[in-house]
Amino acid sequence: MTAPDAQARLDRCVLKAQQGDRQAFAELVAAHQSDVRRQLRQLTRGDHALADELAQEAFLQAWRHLPAFRRDAAFGTWLYRIAYRGFLMHRRSAPPDAVTPALADSGGGPEEAMAPESEPGLRLDLQRALQQLPEAERVALLHCLHLDLSHSEAAAVLGVPLGTVKTHVLRGRVRLRELLSAWNPKDPR
Amino acid sequence: MTPNELKDEPDDQGLDALIKACRPPEVADQGFTQRVMRQLPAQHIAPDMLRQQRRARGSLWGGLLGTAFGLLALYAGSAQGDSPLANLLLGWPDRPGLAAALCLALALPGAWLAWQLAQDD
């Protein structure tokens with residue numbers, strides 16, 4: 001099945017699910033679970049159990065509010081937004097250190113996410129550098145680069161103005177370059 | 001992506017590519033879908049119910065804001081020339097009527113704003 005066909009099929013699933021078709025919703029869960037779980041694993045800094053729990057709750061919320069989904073954004077973006085809201089609500093209600101596991105576990109664990117062609121040391125340093133970024137910059141970079149959202153989609157997910165997302169991404173990149181400067185001695189940035 | 005590739009990029013493309021190359025792998029399993037489907041409520045929240053909830057929220061916030069400003073108006077208006085509120089907020093201790101009118105003028109837009117906020121899902 002080609003990508004447009006698959007997308008058209010998912011769009012039909014959204015319509016059916018809005019009319020109460022549970023099987024169609026199961027297809028949507030299967031299609032989007034990976035993206036939502038990865039988003040939450042990053043947000044929770046690698047706490048897989050918590051991320052999956054929040055992901056489940058996000059899908060349940062999506063089902064409950066599906067009739068209100070106006071299809072003016074992609075279904076996936078809408079899901080990300082619900083998941084991000086759920087994460088924020090959890091963080092507000094949880095003790096401060098409850099969502100901050102060990103640094104090395106960021107991004108689902110370095111050993112697990114190793115891209116075959118990347119330098120292991122560089123990758124590890126990148127993960128650490130990402131963790132040192134201010135929350136807003138880290139979250140903006142995560143949504144734009146790890147989840148491949150456009151700036152405007154990321155703004156919709158995070159509930160902030162477009163300009164704010166662009167600024168956070170820009171600052172995050174500059175800071176990452178500084179933090180990774182040991183890998184690039186000729187570039188003092 | 002290697003350190004050299006990161007170094008050679010004049011703009012941020014090298015860094016972006018590195019970050020993308022290091023993104024976590026896909027996580028998908030049938031068990032997750034089944035867990036979600038087991039917990040799925042029988043029905044959606046009906047659109048009518050969502051609308052009612054929004055209206056209730058709008059009424060609550062609108063009522064609270066309207067009442068707050070209304071009370072302010074009452075207080076400012078009932079005080080005579082030495083109204084501390086009018087003095088503090090408006091700097092017109094001898095014009096409590098004006099203070100009251102201003103508070104009343106704020107009450108309606110306040111209620112309208114609260115209503116609009118409640119409409120936004």
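Assorted remarks:
- Spin-label model, B:D29/A:R85: points 7 Å from Cα along the beta carbon direction are separated by 2.9 nm.
- Calculated SAXS-style log₁₀ I(q)/I(0) at q = 0.15, 0.17, 0.18 Å⁻¹ - segment A:124-173, Debye, Cα scatterers: -0.33, -0.42, -0.47
- Relative pair counts by distance (%), Cα atoms of segment A:30-83, 10 Å bins: 26, 55, 18, 1
- Between the beta carbons of B:L108 and A:R9, assuming R0 = 30 Å, the FRET efficiency works out to 0.05 to the nearest 0.05.
All of the numbers you see were taken from the coordinates with simple rules; none came from a lab. Just so you know, these numbers come straight off a predicted model, no measurement behind them. Positions of Cβ are generated from backbone atoms using ideal geometry, with glycine treated the same way; all protein chains shown enter the neighbour counts.
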